[in-house]
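Quick notes on the structure that follows.
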Amino acid sequence: MNTLLERAASIREAEIRTAQVDLAEWRRRYVEILSRQDAPKPEDAQALLDTATELRLSNVQVEEDCRTVARYVRLQEQAAQYESLHAIEVKARDILKRLRQDSERAIQTADADQAKASNQASAAMAADAEVKRMRMQRPDLFPDETPTS
C-alpha cells in the first residue's frame, strides 16, 4: 500500500513538473508572439488565441499585455540610442561653450576698442575746443590757420 501511495505521489509530482514545464513553454510563446507585434508572422494571430486560451488569459489581459510589451520594445529601442545621443549632446555642449567663450572675447575686444575710440574722440574734441579757444585769444599768432583733422 505504501509503495502504491509513493508511486501515486511520484506520478502527481511528475504531472505537476510537466504542467509547469508546459506552462513555462506557453508563457515563452506568448511573450515571443507579443514581442513580434510590429512585424507579426502570418500564424501569430491564431497562435496568440491558442496561447491565451491555454494560459486562461482574458481578452482584456491580452490587450493590456500587448500594449505593455509594445511600450517596452519602444523604450528599449529608445534606450539603445542613449550612448550615441549622449555623445552628440556632450559635443554640442562643448561647441556651445566654446562659442560663448569666443563671443565673450569678441565682446570684450569690441568693448575695449569702443572705449579706446571714445577716449580718442574725446581727446580730439578737447583738442579742437582748445585750438578754437587759442585762436580766439590770440588771433595774431594763428591768423588763418585751419586745424587739421
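Please treat every number below as a calculation from the coordinates, not as lab data. What you see is a predicted model, and the numbers here were worked out from it, not measured in a lab. In this analysis, Cβ positions are derived from the backbone assuming ideal geometry, glycine residues included, and neighbour counts consider all displayed protein chains.
Here the range 36-62 is scanned for amide nitrogen atoms under 15 Å from the site 7 Å beyond the Cα of Arg74 along Cα-to-Cβ, giving 37-39. Computing FRET efficiency as 1/(1 + (r/R0)^6) for Ala124 and Glu104, where r is the C-beta to C-beta distance and R0 is 35 Å, gives about 0.70. Select one label from [x] 78; [y] 64; [z] 58: the one whose number is percent of Cα pairs over 19 Å apart as derived from the coordinates shown. Only one option fits the structure, namely [x]. Given R0 = 25 Å, the distance between the Cβ atoms of Arg138 and Lys116 translates into a calculated FRET efficiency of 0.15. Could you tell me which residue out of Ala124, Leu96, Met134 lies farthest along the dipole of the chain toward its positive end? Charges go on the beta carbon: Lys and Arg +1, Asp and Glu -1, centred on the Cα centre. Of the candidates, Met134 comes out farthest on the positive side. Label positions at Ala24 and Val90, each projected 7 Å from the Cα along the C-beta direction, are separated by 4.1 nm. For the range 46-62, backbone phi angles converted through the Karplus equation (6.51, -1.76, 1.60; θ = phi - 60°) give residue-by-residue couplings of 5, 5, 5, 4, 4, 5, 4, 5, 4, 8, 6, 9, 7, 4, 4, 5, 4 Hz, Gly and Pro being listed as x.
The angle separating the long axis of helix 2-35 from the principal Cα axis of greatest extent in the chain is about 30 degrees.
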